[in-house]
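Encoded as structure tokens, the structure appears first; notes follow it.
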Amino acid sequence: MMTDEQMATLGGARVDRRMVLARQCMDQLVALVRAPDCPSVADALAGHMQGALMEHLRHLRRVDPGAWHAGLTQIRSVRGTSDAVRRLVALAGVEVLTAQPDDVWLPDGLPDMWKPPERYTISRSGVWWQDSDDSHMRITTRALWVVGYLVDVDGRGHHLRLMWQQVDGSFHVEAVPLGSAMDSRGILSLATRGCPVTSSNARSITGYLDAGVATLQGRIPVAHCAGRLGWIPPAAGGGFMWGSHHRQLQADDVGHLELMADPAVQQVAGAYGKQGSWSGWLAEVLEPAQDSAAIYLALYASVASVLLHPLQVSSNYALDFSGETSTGKTTAQKAAASVWGDPRGLVRSWAVSAAGLEAYAAMLQHLPIILDDSKKARRPDDVAGLVYLHSGGTGAVRGKPGSAGQSVGLRRVESWRSWLISSGEQRLTDFSRDAGTRARVLCWVGSPLDSADAAQSISLGAETHYGHLGCKVLTEAMAVGADELQLWLADSRDHWRAHMMERDAPAVARRLADAIAVLDVARRLCQTVGLPDCQVDVMAAACSMAMAAATQSDQPAAALRLVYEWCTQRQAQFDGRNPERIPSGGYLGRWEEGRWDVLMVLPRVVDEVLAAHGFDSGVRQRWLERGWVDLDRNGCPTRRAMVGSARCRVLCLKRAALIEVGSV
């Protein structure tokens, strides 16, 4: 049978002399190990694990894996070769070459006092490790350096800043969690971003990185990094993480805080920044909206979001645009997004889970969350839950596997302070019966703009010119300082609370006065940086929205109206309203003809009606507190009365209460 080399010669092809030598080397090794007179199998294998013989075996493993594994199988058949074969396989996975001193590579970008770890050499052909016999094993095929050490601004861990050469010769710098850098499985994720790491050299790379940290301690800079956007603690340099830009006091002062290179963080951060011009934004976005209080409210809410933290406001608020489709709701959201970046990346869909919104809010931290079209939510109940989640400002408490003797531990609870800017055909407050949520949502009902031309101009302008107002606001806010901003808020809060008291506003409207005060501070800051005033009174419009929210938020009154309307539709099923026959399903209660003082309804019926329409059972307790239920002589909330031919307990709703809520 002819060999591959003989067949290549007959075919006129060029013979691979290196492959011929590699196969001969493997054949010799197999013959040597299996020879009856071989004094020591381990010594025979050890002799082939160095020099040119090992180079031939490596070439055979790369080019002809079949011949390589066939030879190993024959060697393993000899007793006592297991350990030596494992060593041979390990060495065949790396390349051996004697590195010369002039191969050391120190490109631009390395710290001034940088030096390689002991027994390691970094050359243009990769990272090399010097063995005990002074031979050099190549760990990576391209250069890799440790160039920095980072500490997260929120105490979430330590990171290494790595720099490596890409395939095209360029350099890539990235901050990697220290836990991943020291884990042979975790570091494999860097391969997707061009790092020269594979499953065969990952363990060697982690050893190299560990040695690099130890050697470079005190020689490489220790800096801070962030895994989220928003305000940065003073201990980490202060300022604001705006996308991948670290903004500090002066407009052109860009800090050196590094954003973590997590793909999800980078995707979100990529939408933040500046494009176009300030004059272009004023002409194409603001000028068509000069008479639109809704657009200005969207801008103020977007700015107010980043002010909640320096103002030390503990509540989160929402601005909602609702109405028929194609009336400019999304346009208002695009205008709000253009304050900070590209609306195409900042206006997100309501098709989001609770865990997704929690992660997104925690990542943005202080920047506004803009969600479009609430009908895209998976279920209507999801909208109510997500609004409540955002308004709380903290995520869920979750467990994790325990450590250090604990059977179970706790995950970090995320938190945020921001405004939610939403849109949909239905008001956000219609998804929930919770009065606390309604006290944090301002609802604009109807079209934000008068013409389709204005909506188109604003939409296109926001996608062309963006980021300029946000940059100016951040600079001005840092120049004014948190203490002065808090004084602004105190004055505005006193004014709007007094205004609500003068109008005898309900409790919900008085609570929303705090949200209006924050918007007022945002308005004042926008005026300071040169934003022209609206031609209509924006804050008066916000006040009217708060009053409307208060009227709609009285859930006990809404529940009482609902029960009365439900009973009105079924008058024939009440004793006293249909004397001719008994309903097939029995009576629902007693309702006298003519002049009546109380409407008697079976308690079970009331509970079923309330539950079917989303009201909780606590509503009945609110009725008692307001004196809307006629009690018996012992103060019991139900009374005994004749219903048909039986005496039973009924809930007696006062006629005066129904008049008070506007039902009678």
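The values are calculated or read from the model by the stated rules, or taken from the named source; none is laboratory data. All figures in this text were calculated on a predicted structure; none of them were measured in a lab. With ideal geometry, Cβ positions are generated from the backbone for all residues, glycine too; neighbour counts draw on all protein chains shown. Heads up: the accessible areas ignore ligands, DNA and RNA and are worked out on the full protein's heavy atoms, side chains in. Shrake-Rupley method; radii C 1.70, N 1.55, O 1.52, S 1.80 Å.
Summary table
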| quantity | calculated |
| --- | --- |
| Any hit, the stretch 424-438, residues being of a type in the set (Val, Ile, Thr), outside any loop (DSSP other than H, G, I, E, B), touching a residue at least 40 places away in the same chain (Cβ under 8 Å) and over 13 Å from Leu297 (Cβ atoms) | yes |
| Some residue of the stretch 583-590 being small (Gly, Ala, Ser) and not in a loop (DSSP other than H, G, I, E, B) | yes |
| Qualifying residue in the stretch 637-644 (condition: modelled with pLDDT under 90 and charged (D, E, K, R)) | no |
| Residue that is farthest from Gln621 (Cα to Cα) [pool: residues in the stretch 557-587 that are touching a helix residue (DSSP H, G or I) at 6+ places or on another chain (Cβ under 6 Å) and buried (at least 21 other Cβ atoms within 10 Å of the Cβ)] | Val563 |
| Residue satisfying all of: in the stretch 184-206; under 19 Å from Met260 (Cα atoms) and not small (Gly, Ala, Ser); surrounded by the fewest Cβ atoms within 10 Å (Cβ to Cβ) among these | Thr192 |
| Selection within the stretch 588-606 - surrounded by fewer than 21 Cβ atoms within 10 Å (Cβ to Cβ), free of Cβ contacts under 8 Å to residues at least 40 places away in the same chain and not small (Gly, Ala, Ser) | Glu592, Glu593, Arg595, Arg604, Val605 |
| Residues of the stretch 156-170 that turn out to be over 29 Å from the mean Cα position of the chain (by Cα) and surrounded by 13 or more Cβ atoms within 10 Å (Cβ to Cβ), as a count | 2 |
| Contacts under 6 angstrom Cβ, first residue in the stretch 653-664 being at negative phi and in contact (Cβ under 8 Å) with a residue 60 or more places away in the chain, partner of a type outside the set (Ser, Thr, Tyr) and open to solvent by less than 30 Å² (accessible area, probe 1.4 Å), 6 or more apart | Leu653/Leu599; Ala657/Trp628; Val661/Ala557; Val661/Leu560; Val664/Leu658 |
| Residue satisfying all of: in the stretch 459-512; touching a Phe, Trp or Tyr at 6+ places or on another chain (Cβ under 6 Å) and in a helix (DSSP H, G or I); nearest to Trp231 (Cα to Cα) among these | Leu474 |
| Matching residues, the stretch 649-664, being touching a strand residue (DSSP E or B) at 6+ places or on another chain (Cβ under 7 Å) and under 25 Å from Gly585 (Cβ atoms) | Arg649, Val650, Leu651, Cys652, Leu653 |
| Every residue from the stretch 503-526 that is open to solvent by 70 Å² or more (accessible area, probe 1.4 Å) and modelled with pLDDT of 90 or more | Arg524 |
| Unique match (being open to solvent by 30 Å² or more (accessible area, probe 1.4 Å) and among the hydrophobic types (A, V, I, L, M, F, W, C)) among Ala214, Ala143, Ala181 | Ala214 |
| Only one of Leu599, Leu610, Leu624 that is under 20 Å from Gln555 (Cβ atoms) and part of a strand (DSSP E or B) | Leu599 |
| Selection count, the stretch 284-295, where residues are touching a residue at least 24 places away in the same chain (Cβ under 8 Å) and either in a helix (DSSP H, G or I) or among the β-branched types (Val, Ile, Thr) (or both) | 8 |
| Some residue of the stretch 408-417 being under 19 Å from His309 (Cβ atoms), aromatic (Phe, Trp, Tyr) and in a strand (DSSP E or B) | no |
| Qualifying residue in the stretch 253-263 (condition: without any contact (Cβ under 8 Å) to a residue 40 or more places away in the chain, in a loop (DSSP other than H, G, I, E, B) and under 17 Å from Gly470 (Cβ atoms)) | yes |
| Among (1) at pLDDT below 95; (2) under 27 Å from the mean Cα position of the chain (by Cα), the one test that Ala298 misses | (1) |
| Cβ pairs under 8 Å, 6+ apart, first in the stretch 481-492 and within 17 Å of Val306 (Cβ to Cβ), second outside any helix (DSSP H, G or I) and open to solvent by 30 Å² or more (accessible area, probe 1.4 Å) | Ala482/Gln312; Gln486/Gln312 |
